[in-house]
Amino acid sequence: MAMESEVGIRKSGGDNSGAPDSTTPRLHDSVSAATNRRHEETVALLRQLVRVPSVNPYFTGSPEPSQEGDVQDILADRLARLGGQLDRWEPSAGDLARYAGGPGYYPDRDFRGRPNLAATLSGSGGGRSLLLLGHVDVVSAGEGWTVDPFGADRLDGVIYGRGTADMKAGLTAAVAALDVLREAGIRLRGDVTLASVVDEEAGGMGTLALVDRGYRADGAIVPEPTDLHVAPLCRGIVWGRLTIPGRAGHIEMPQPHWRDGGAVDAIALGRMVLDAIDRLNTRWAATPSKRHPLLPLPCQVKVSMLDAGEYPTAYASGMLITFDAQYLPAERDEWGLGGHVKAELERFFAEVAAHDEWLRQHPLRIEWLIDADCAETPGDHQLTRTVYAAASQAGVESQVEGMSSHTDMGLLVNAGIPTVNFGPGAPSVAHQPDEHVTERDLMQATLTLALAMAEWCGWDEVH
């Protein structure tokens with residue numbers, strides 16, 4: 001093409017095989033050098049994002065919008081400077097009502113002041129397209145921090161703060177990878193869309209809105225914290241709240257039988273239920289359908305919150321047990337959700353209640369709070385192999401393994417987009433006090449994502 005030779009484009013990469021070719025050493029060297037040169041700017045962007053307390057309103061109970069939009073402002077500025085075509089909009093639960101009953105839809109969500117952002121960078125043509133998907137919302141800071149949770153402290157090569165690992169470092173690495181490719185003189189052939197969504201931490205409705213808006217690609221990478229492993233699988237989760245009824249009564253006084261008006265200690269009943277959950281987890285751990293070869297842990301029912309009692313001198317009139325239960329792609333129902341697992345747990349709690357006279361007449365009540373879907377891309381898929389090869393070229397000791405937690409990949413896979421997770425940070429530190437990510441992880445993720453983009457989309461060298 002005459003136009004390309006006039007601007008000095010050298011045809012270089014990318015037979016779109018995802019495997020290294022003769023140009024890979026030059027690609028690696030130029031991209032690696034650019035990653036090093038831009039490292040301070042990359043760290044500065046991460047710290048800027050972390051300083052915005054973009055806590056999802058689901059966790060605050062506040063009617064005021066979160067500061068998710070402020071994070072989007074920062075990203076929009078950077079992506080516009082990269083030449084991205086920006087699309088910014090507030091999702092609407094009403095507009096998405098046709099997805100009711102399916103993954104990612106929750107009728108009570110309010111997105112005023114909580115915009116999604118997508119930036120599309122057009123390629124030169126002839127390559128595969130790629131979607132990079134991240135979320136800007138974070139969970140509440142909680143207690144136990146030794147540093148300011150939104151201070152983005154930088155100490156001995158580590159950045160601390162809520163959202164560093166989950167997943168502002170991943171978003172930063174994705175933006176930085178685009179920066180690095182441009183500085184290295186690499187022009188992608190395929191289009192790249194970087195999408196930054198809201199509400200992932202409370203079920204994924206931001207990504208549902210993105211899919212509904214028509215965004216598609218030949219492949220997608222979700223830079224959630226994976227310890228730099230390539231994760232083509234994530235588990236689904238359901239959050240449930242179990243109400244155990246009791247009857248208040250003076251705790252220091254003799255009590256008649258409950259049929260004669262006596263007290264019923266909901267906490268004692270709660271202990272019985274908790275013991276039963278322990279036994280259920282032992283059974284699940286030995287059940288093949290609750291395990292996956294790419295996951296280190298079986299699906300379990302994990303109790304996360306307890307609430308009971310009104311006064312120190314009264315038996316508790318009720319107890320709430322909130323739990324998180326996981327499920328696998330093979331367990332999905334006809335909606336692509338965890339309906340089979342929810343039914344299994346409803347039967348289980350009914351069986352537990354059947355052994356107690358009070359509970360037979362005063363049933364346990366279960367409320368389902370969140371059902372976030374799961375998905376799987378084959379471990380030998382071209383995208384999986386491309387990202388794994390890029391990580392190896394970046395010097396990462398990466399493995400192909402699943403994520404024990406949920407990500408938004410299911411909504412993408414359901415839309416026909418092969419998707420893998422790959423990002424900086426340890427998933428084990430997400431949602432914890434002193435959440436952090438190392439600068440080394442951030443740099444290696446940036447380099448890996450840049451190399452993966454080049455190999456997946458195809459590339460030319462501009463000089």
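Data for the structure
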item	result
Sum of -39500 (n - 2.57) over DSSP H runs of 4+, divided by residues of the chain (222 nm, nearest 500)	-10000 deg cm²/dmol
Separation between Cα centres of the stretch 139-192 and the stretch 24-100, rounded to whole Å	9 Å
Residue order, fewest to most beta carbons within 10 Å, for SER398, SER122, SER54	SER122, SER398, SER54
Percent RCO, i.e. relative contact order, over the chain, from Cα pairs under 8 Å lying at least 6 residues apart	27 percent
Charge dipole (the stretch 236-372, unit charges on Cβ, about Cα centre) - positive-most of TRP258, HIS362, ALA314	HIS362
Length released on extending from ARG216 to GLU344, taking residue separation times 0.36 nm less the Cα-Cα span	42.6 nm
Rel. contact order, % - alpha carbon contacts under 8 angstrom, at least six apart, the stretch 241-332	39 percent
Measure of compaction for the stretch 236-372 (Cα Rg per 2.2 N^0.38 Å)	1.19
Positive dipole terminus of the stretch 107-161, leading residue within VAL147, SER124, GLY134 (C-beta point charges)	SER124
Other-chain or far-sequence residues with amide H under 5 Å of GLY318's (modelled H)	GLY246, ALA266, GLY309
Gyration tensor verdict on the stretch 30-72 (Cα atoms; rounded if a/c is under 1.5, prolate if a/b is larger than b/c, oblate otherwise)	prolate
For the stretch 63-185, size of Cβ-based charge dipole, Lys and Arg +1, Asp and Glu -1, in debye	540 debye
Total charge dipole magnitude, the stretch 236-372, about the Cα centre, Cβ charges on Lys, Arg, Asp, Glu only, Debye to nearest 20	320 debye
Those aspartates and glutamates that a straight Cα-Cα span of less than 17 Å connects to LYS302, excepting residues fewer than 8 apart in one chain	ASP275, ASP278, ASP324, GLU344, GLU346, GLU367, ASP371
Diffusion coefficient, µm² s⁻¹, Stokes-Einstein with Kirkwood Rh over alpha-carbon pairs of the chain at 4 °C and 1.567 mPa s	55 µm²/s
Gyration tensor (alpha-carbon) shape descriptor, the stretch 62-181, a/c threshold 1.5	oblate
Under Karplus coefficients 6.51, -1.76 and 1.60, residue-wise ³J(HN,Hα) of the stretch 86-101 in Hz, glycine/proline x	8, 9, 10, 7, 9, x, 9, 4, x, 5, 9, 4, 5, 8, 4, x
Calculated from backbone phi, Karplus (6.51, -1.76, 1.60) coupling profile of the stretch 121-131 in Hz, x at Gly/Pro	10, 6, x, 7, x, x, x, 7, 8, 9, 10
Note, ³J(HN,Hα) from phi for the stretch 243-256, Karplus 6.51, -1.76, 1.60, rounded to Hz, x at Gly and Pro	9, 9, x, x, 9, 5, x, 4, 6, 9, 10, x, 10, x
Largest-first principal axis extents, alpha carbons of the stretch 173-282, Å	82, 31, 23
Other-chain or far-sequence residues with amide H under 5 Å of VAL462's (modelled H)	ARG10, ILE186, ARG187
For the chain, size of Cβ-based charge dipole, Lys and Arg +1, Asp and Glu -1, in debye	560 debye
Sorted peptide list for 374-380, 167-173, criterion being average Cβ within 10 angstrom, highest first	167-173, 374-380
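Where a number appears in this text, it was derived from the coordinates with a stated rule and is not lab data. Remember, predicted model here, so these are calculated numbers, not experimental data. Note that we place each Cβ from the backbone using ideal geometry, even for glycine, and neighbour counts take in every protein chain shown.
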